[in-house]
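What follows is a set of notes on a single structure, which appears directly below.
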Amino acid sequence: MLSTLFADAGPDTEIAAALETAGAVDDGLLHGFARIDEDRAAALAALAGAFSGSPLREAVAEAVDKIAAGSVADDHLFALAAARIALFGSVHDALLARADAALGRSRADWPGEPQDEDRPAAAATHLLGGARSWLRELAITGWRGVDHDLVAAAGQAIEAALGDPQLRRLAVLLDGLAAELRAGSPIATMDPVPVRRWADLWSRALLLARESRRPAPAETVTGRLYVLGTDVHEHPTAVQVQVHGVLEVVGAPTRLVRASVSAAKVDTIVGPAIWRLLAGHPMLLTALAEHRALDLTDMPLLVGGDLIWRDAQARPGDPADPFTTARVHLGAALAPATPPLERHPVRIAEPVLVEDLAAVTLDTTRLPACGPLTPEVVSAATAAIGLLRWDDGTWTVQPLGVQATVKKKQVGVHTGDWALGPADAKAAKAAGEAVEVLRERAGRLLRK
């Protein structure tokens with residue numbers, strides 16, 4: 001039961017020890033690996049000791065020795081980033097195992113990486129080198145030494161990477177990190193510094209910037225997708241809508257899956273207006289707004305549970321209430337394996353149905369402004385569909401939709417209800433104005 005997970009929450013010495021060991025990298029990034037004193041050298045040595053029995057043993061030990069001696073190369077930083085990611089991955093696995101046990105949820109095994117490497121073209125390799133160069137300068141300088149000039153040095157690499165579809169994920173990550181550093185510069189005067197968050201972004205970016213990568217395993221599926229809820233990830237320069245659902249395929253187990261669509265944006269496009277940026281996915285938006293199932297045909301599905309969304313291969317089907325879906329399908333659905341780079345406790349986001357709201361902690365700080373779900377609506381709820389998350393020692397549930405009783409009638413409110421625009425005509429008109437004005441101005445510039 002989900003309530004047992006919350007009831008058993010408390011200090012965990014093993015998790016605390018793993019996070020403390022990873023803190024050696026975080027502290028190095030805060031002050032800069034060009035300035036390693038005795039205490040930081042000892043912390044890095046403890047990090048190397050933690051990997052003495054792992055395949056990373058030699059790489060991490062060499063990296064620690066070289067950096068302590070004043071030599072900071074890409075391979076050394078890569079070894080530290082890999083070690084840090086491995087430690088957070090072990091914490092992720094332990095926490096997810098507890099969540100699965102509490103929920104009675106079965107999970108698929110990770111099948112391993114394919115043997116053939118997918119090497120980028122020469123142009124992409126050059127762009128990756130530019131990204132690694134900036135990440136190396138950040139590591140040498142440290143967050144405390146970052147200023148506007150160092151942040152601006154990333155601009156060319158980010159702009160070039162954004163133009164290469166193969167590097168889009170890395171480019172958006174770098175763009176987001178640069179934006180946060182720019183907002184905090186000069187960071188020498190910033191207090192507190194989000195050390196763990198920036199170390200997370202730096203580590204992931206460095207691994208994505210390696211010259212060789214393996215393609216994610218995928219299959220094509222034909223079946224019916226029942227939507228559970230919608231999560232919105234928004235940044236001043238980008239937005240991603242991630243739909244969590246249950247996939248039914250004839251002859252296969254029912255599975256938990258995700259479907260994500262993204263768009264670039266500017267910081268003036270906020271609230272319900274962001275849905276206009278995703279107008280190229282009308283089938284998905286219709287299903288969200290009208291609470292319908294989606295019939296999929298030959299849709300690619302990654303082994304990690306992510307559908308590679310192709311709107312032309314989906315059609316809205318019959319009405320499907322998310323709470324009915326959760327009550328009927330969620331308990332028996334097979335959860336996907338977690339890809340190696342996604343193994344981080346902050347990325348735990350397990351769909352759950354909560355009908356005893358007093359037994360859990362609802363986190364309303366993540367509610368997006370693009371939908372009708374507000375803290376006030378959540379406070380009146382009698383049941384919720386949400387994402388089980390773990391953040392710095394605490395389990396919470398992020399609501400994606402709630403049920404409440406209004407005038408003796410049960411009603412549902414969901415994040416994706418405004419996918420085709422707010423119900424109020426004036427609000428819908430205002431939501432579209434910012435996007436239309438920017439498009440009109442962009443068209444004028446292109447015509448010139």
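Readers should treat all values here as calculations from the given coordinates under stated rules, not as data from a laboratory. Note that the structure is predicted; figures quoted are calculated from it, not measured. As a convention, Cβ positions derive from the backbone with ideal geometry for all residues, glycine included, and neighbour counts pool all protein chains shown.
Some observations on this one:
- The stretch 240-308, relative contact order [Cα under 8 Å, separation at least 6], %: 29
- Relative exposure of Thr364, Thr13, Thr220, judged by other C-beta atoms within 10 Å (fewest first): Thr13, Thr220, Thr364
- Sparse-neighbourhood loop sites, trypsin sites (Lys or Arg not before Pro) in the stretch 237-326 - DSSP loop, at most 11 other Cβ within 10 angstrom: none
- Based on Cα contacts under 8 Å between residues 6+ apart, the stretch 218-332 shows a relative contact order of 31 percent.
- Taking other C-beta atoms within 10 Å as the exposure proxy, His76, His148 rank His148, His76 from fewest upward.
- Between Asp37 and Ala183, the modelled labels are 3.1 nm apart [label points 7 Å from Cα along Cα→Cβ].
- For the stretch 18-33, the Karplus equation 6.51 cos²θ - 1.76 cosθ + 1.60, evaluated at θ = phi - 60°, returns couplings of 5, 5, 5, 5, 5, x, 4, 6, 4, 5, x, 5, 5, 9, x, 6 Hz by residue, with Gly and Pro reported as x.
- The shape of the stretch 123-269 comes out prolate: with a ≥ b ≥ c from the C-alpha gyration tensor, a/c is at least 1.5 and a/b beats b/c.
- Taking a ≥ b ≥ c as the square roots of the eigenvalues of the Cα gyration tensor, the stretch 198-286 is classed as oblate, since a/c reaches at least 1.5 and a/b does not exceed b/c.
- Under a 5 Å amide H cut-off, with hydrogens placed 1.01 Å from N, Ser260 pairs with Val243, Leu307, Trp309 among residues at least 5 apart or on other chains.
- Exposure proxy shown here: for Ser71, Ser185, the number of other Cβ atoms within 10 Å sets the order, fewest to most, as Ser71, Ser185.
- Remark: the chain carries a charge dipole of roughly 1360 debye about the Cα centre, counting +1 on each Lys and Arg Cβ and -1 on each Asp and Glu Cβ.
- Under 5 Å from the amide H of Leu400 lie the amide H atoms of Ile385, Gly386, Leu387, each residue being 5 or more positions distant or on a separate chain, with H modelled from the backbone and absent for Pro and chain starts.
- Shape category assigned to the chain from the gyration tensor of Cα positions, a/c cut at 1.5: prolate
- For the stretch 164-179, backbone phi angles converted through the Karplus equation (6.51, -1.76, 1.60; θ = phi - 60°) give residue-by-residue couplings of 10, x, 5, 10, 4, 5, 4, 4, 5, 4, 4, 4, x, 4, 4, 5 Hz, Gly and Pro being listed as x.
- Per residue, the average separation of C-alpha pairs within less than 8 Å and at least 6 apart gives the chain a relative contact order of 16 percent.
- Across the stretch 312-324, rounded Karplus estimates of 3J(HN,Hα) from the backbone phi angles (6.51 cos²θ - 1.76 cosθ + 1.60, θ = phi - 60°) give 5, 9, 9, 9, x, x, 6, x, 8, 5, x, 6, 5 Hz, Gly and Pro being marked x.
- Only Lys, Arg (+1) and Asp, Glu (-1) charged, at Cβ; the stretch 333-418 dipole about Cα centre in debye: 240
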